[in-house]
Structure formats: structure tokens, C-alpha cells
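Reading through the C-alpha cells given below for one structure.
The values are calculated or read from the model by the stated rules, or taken from the named source; none is laboratory data. Everything numeric in this text was worked out from a predicted model, so none of it was measured. Neighbour counts run over all protein chains shown; Cβ positions are idealised from the backbone, glycine included. Keep in mind that these areas ignore ligands, DNA and RNA; they rest on the heavy atoms of the full protein, side chains included. Shrake-Rupley method; radii C 1.70, N 1.55, O 1.52, S 1.80 Å.
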Amino acid sequence: MKIAVIGIGAVGSVIAREMMMLPHDTTLFGRSRKEGFTIQEDGESRHYPYTIEDINAYEGDAFDVIFIATKATALKAISRLIPRMAHDDTEVILCENGMGFDEYFAAPIPAVVYISGQKHADRVEHFQDARLLIEDRPLPYTDRIIDDLEATTGVELEIEKAADFGRIRHEKLLINLGINSLTALSNNTAKIFDLENVTDLTRRLLGEGLDIINREREIIDPSFIDKALSIYQSYNREMGTSMYYDVMAEASTEYMYIQKYFQQHKGDLDTPVLDIIVTLLDAYQYER
Ligand SMILES: NC(=O)c1ccc[n+]([C@@H]2O[C@H](COP(=O)([O-])OP(=O)(O)OC[C@H]3O[C@@H](n4cnc5c(N)ncnc54)[C@H](OP(=O)(O)O)[C@@H]3O)[C@@H](O)[C@H]2O)c1
């Protein structure tokens, strides 16, 4: 089986390392050719000497499974490269946070990603977790990978099929709406949830997000808001979020696929907190 991993950053390097342990032909891709990557875990760094190929220069055979682990902002451009890397039955697994990009692909398999890490200039710091949740439907190639991951010793990554994937994906989207917005716009880490007024504002934002998700039918139980707030409280106080790290690096954010996605689906709902947050993120992104 031929496997590709595109985007060897915080999430992709963990997936790449694990795929390299399986008895398949795995190729790694980045924006340019590079020799190897380093993952730091529990204070220890280890170098993996696998070549990362330039995705734009690929002219080889089609892959059976392609994991895409770039930021969501890169997906539209990458989707244009996929037809020459894929055959009719290729399974393309999207490992991005957010929603609204599935339609760029012919037959996407979105994943909810539980791999927590941060890319530094010289290494990826892997904090915790190595798990992908996907929809529960037959996927001939990915099913083989799932079996191989289970049967191979020393492998950390789990790919699980979730019967209620639609709810889980929306819950992750709502979790990201709350913590990404507040950490990015305050330029501060999860410690902000010590503050009662931050928690109150986040609760209002989550309430608006929940109403948008449940606009046509109940997907998420309203009690999930309390759960989300307690999840934020449980995070390491110094932990940032993807959007927080992007803002600190003055980089583009994935807000089009999180906050703006909610706003685009709000219909006639009144969402004052969300609207202010999207306006500030629009302003952050302006001419950047
Ligand atoms: N990090 C986390 O803890 C975490 C947790 C859950 C979900 N997620 C989600 O996972 C996704 C990936 O996030 P991440 O944190 O892994 O990002 P990341 O560390 O920035 O890694 C993205 C990688 O993709 C590469 N890339 C960018 N454009 C590309 C292109 N056109 N072709 C090939 N490679 C390209 C980047 O290379 P360059 O460095 O050259 O740009 C980088 O190595 C995001 O949607 C994020 O929200 C992240």
C-alpha cells in the first residue's frame, strides 16, 4: 500500500513517524524538499532521518491513502495537487481543525485530531495524545492501516471509527471556537480562564455557537457548554492554542474555518459576541 503524509508539522510529524513504522511504502511531503524532522517528547529530542519531498515536484505513482496535516488555510491549494497523486479509490484523510473545507475534495475523510503539539523552527514539540477519530464506514485502505497500527508494537497512533462522528466533530468545532478565540484575541494562554469575566464571555460565545450548530436539529446537548468550560479549566495554564501561536507569530489564522464558519451558518440568529470576535479576527487578518 502506498501512503502519503502531507504537512510534516506538529500533527503531521507524529502521523509520519507512526506510518513509517508500518510495512507500507510511505512518502512524506512538505512545501520544499528537506532531510528529516525532529520530535521532542518529555524533554527528549529524537531525529527521524526521513526525506520530506517537495509536494509540487511529485510525479510518481498514485497513493492509496493520503493524510493531509497542514493548516486548513493550505487545503484549497493542496486540493488542486491531489488528482495527480490519487487514483479513483484513494482515501484522503483531512487532519485539520475547523469545517468548511471538505468540499475542496472529491471524497474527503475528515478526522477529529487529538494530537497536541507545537512546531518550532528546529523541532516539533509533541505535548500529548496521538489519536484520530473518523467516521464509521468501510474504508478498505484505512481499515488495513487501523489493523496494522494495532498489530505493530511501539506504535502510539490510534485511528478510531466513531459512530457519532458528526456530533464529535461539531463538539470539537465548538471547543475550538471558545478557546481559540479567547486565547488568540487576548494574546494569552489557557490561564485566562482563571478570570470570571473571561469565562462569562466564553460561555456566551459557546451559547451562540451551540445555537448555530443546533439551528436545524439538535446535534449537541446544551449541557456540553459546561463540559467545554471545565475542559478549558483543566488545561495546563501555560498551554496556548493553534490560533494563539499563529497570532503570536503574526501568521495567518484558520479563523475562516472556525469563527467565520459559524458566522456563515448563523442564519437569522442574533450572535453579538461571535460578530465582535469575527470582526476583530477580520481586522487581524486585514492586509496580513
Ligand atoms: N498542533 C496541535 O496541537 C493541533 C491539535 C489538533 C488539531 N490541530 C490542527 O491540525 C492542523 C495542522 O496543525 P499543525 O499544528 O500541525 O500545523 P503546523 O505545525 O504549522 O504544521 C503544518 C505543516 O504543513 C506544512 N505545509 C504548509 N503548507 C503546505 C503545503 N502547501 N504543502 C505541504 N506542506 C505544507 C508546513 O510547512 P511550513 O513550516 O513550511 O509552512 C508545516 O510543516 C491544523 O488544522 C490545526 O488546527 C493542531
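For region 73-86, check the following and say yes or no: at least one residue is part of a strand (DSSP E or B) and either in contact with a helix residue (DSSP H, G or I) (Cβ under 7 Å, 6 or more places away or on another chain) or in the same structural domain as L177 (by TED's automatic domain parsing) (or both). No - not one qualifying residue is present in region 73-86.
Considering every residue within region 260-270, establish whether at least one is within 18 Å of G98 (Cβ to Cβ) and within 13 Å of the ligand (Cβ to nearest atom). The answer is yes, given that some residue of region 260-270 is within 18 Å of G98 (Cβ to Cβ) and within 13 Å of the ligand (Cβ to nearest atom). Total residues in region 233-259 satisfying the condition of being more than 15 Å from the ligand (Cβ to nearest atom) and either part of a helix (DSSP H, G or I) or touching a Cys at 6+ places or on another chain (Cβ under 9 Å) (or both): the figure is 2.
Here I15 passes the criteria (1) under 20 Å from the mean Cα position of the chain (by Cα); (2) in a strand (DSSP E or B) except the one numbered (2). The number of residues in region 41-58 being among the small types (G, A, S) and under 22 Å from the mean Cα position of the chain (by Cα) comes to 0. Which of the residues spanning region 214-269 are among the charged types (D, E, K, R) and either exposed (fewer than 12 other Cβ atoms within 10 Å of the Cβ) or more than 15 Å from Q285 (Cα to Cα) (or both)? Hits for region 214-269 are R215, E216, R217, E218, D221, D226, K227, R237, E238, E250, K266, D268.
Check whether at least one residue in region 6-17 is surrounded by 16 or more Cβ atoms within 10 Å (Cβ to Cβ), closer than 17 Å to L94 by Cα and more than 13 Å from the ligand (Cβ to nearest atom), and report yes or no. So far as region 6-17 goes, no, none of its residues is surrounded by 16 or more Cβ atoms within 10 Å (Cβ to Cβ), closer than 17 Å to L94 by Cα and more than 13 Å from the ligand (Cβ to nearest atom). Only residues that are open to solvent by 70 Å² or more (accessible area, probe 1.4 Å) and either hydrophobic (A, V, I, L, M, F, W, C) or in contact with a strand residue (DSSP E or B) (Cβ under 8 Å, 6 or more places away or on another chain) (or both): list them for region 186-204, please. L195, the sole residue that qualifies. Inside region 167-176, residues that are open to solvent by 40 Å² or more (accessible area, probe 1.4 Å) and under 11 Å from M99 (Cβ atoms) make up a count of 0. The C-beta contact set for region 126-155 (first residue closer than 17 Å to P110 by Cβ, second residue open to solvent by 80 Å² or more (accessible area, probe 1.4 Å) and within 16 Å of the ligand (Cβ to nearest atom), distance under 8 angstrom, 6+ apart or interchain) comprises R131/E158; L132/E158. From the list D148, D136, the lone residue that is out of contact with any Leu (no Cβ under 8 Å at 6 or more places or on another chain), surrounded by fewer than 20 Cβ atoms within 10 Å (Cβ to Cβ) and not assigned by TED's automatic domain parsing to the domain that holds E254 is D136. When the strands (runs of 3 or more DSSP E) confined to region 93-188 are screened for residues that are near the ligand (Cβ under 10 Å from one of its atoms), those reaching at least 2 such residues are found at 108-119, 124-135. One residue alone among A121, A107 is under 23 Å from A86 (Cα atoms), exposed (fewer than 14 other Cβ atoms within 10 Å of the Cβ) and modelled with pLDDT under 95, and that residue is A107. Taking into account only those residues within region 19-57 that are within 14 Å of the ligand (Cβ to nearest atom) and not in a strand (DSSP E or B), which is least open to solvent (accessible area, probe 1.4 Å)? Only one residue fits best here, namely I55.
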